[in-house]
1. Only one of these is of a type outside the set (A, V, I, L, M, F, W, C), within 27 Å of the chain's Cα centre (by Cα) and exposed (fewer than 10 other Cβ atoms within 10 Å of the Cβ): Asn38, Asn107. Name it.
2. When both residues are 6+ apart or on different chains and their Cβ atoms are under 8 Å apart, which pairs have a first residue that lies in the stretch 44-73 and is among the aromatic types (Phe, Trp, Tyr), and a second that is at pLDDT 85 or above and surrounded by 10 or more Cβ atoms within 10 Å (Cβ to Cβ)?
3. Can you tell me which of (1) of a type in the set (D, E, K, R); (2) loosely packed, with under 10 Cβ neighbours inside 10 Å; (3) modelled with pLDDT of 90 or more is the one Lys20 doesn't meet?
Amino acid sequence: MNDTINYKELFEKVVIEKEKLLYYVDELKKTHLIEINNYESKITSLTEHLKKYTAHQGSKKYYEKNKIQIIEKNKEYNKINKKNVDPEKIKEYNKNAYQKRKLKLQNNN
């Protein structure tokens, strides 16, 4: 048996396969380019439409002018509708939340 490897043939095969794959990718890009452009135009139009609602200047002006009244209303609402929660439960919830955040950070790193 012949145990020698013909590296030249292997290299040529790899180059040919690479060229075929690049050609295939180019063809896919050409065929799907119209769809991609349609989706991109939809995304831009939707983001422009959403800007009217998410970054509305009128609401910012209102909150800047009436900041003190809004804070007071929220305090009154919280006094009336505040649930009586045991301080020990709050500590337990905070501890669990801290541990979950810590685990997420460790998993991300």
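1. Working: Asn38 fails: exposed (fewer than 10 other Cβ atoms within 10 Å of the Cβ).
Answer to the selection: Asn107.
2. Pairs that qualify, where the first residue is among the aromatic types (Phe, Trp, Tyr) and the partner is at pLDDT 85 or above and surrounded by 10 or more Cβ atoms within 10 Å (Cβ to Cβ), are Tyr63/Ile70.
3. (2)
The values are calculated or read from the model by the stated rules, or taken from the named source; none is laboratory data. As the structure is a computational prediction, the values presented were derived from the model and not from experiment. Don't worry about glycine lacking a Cβ; one is built from the backbone with ideal geometry, like all the others, and counts go over all protein chains shown.
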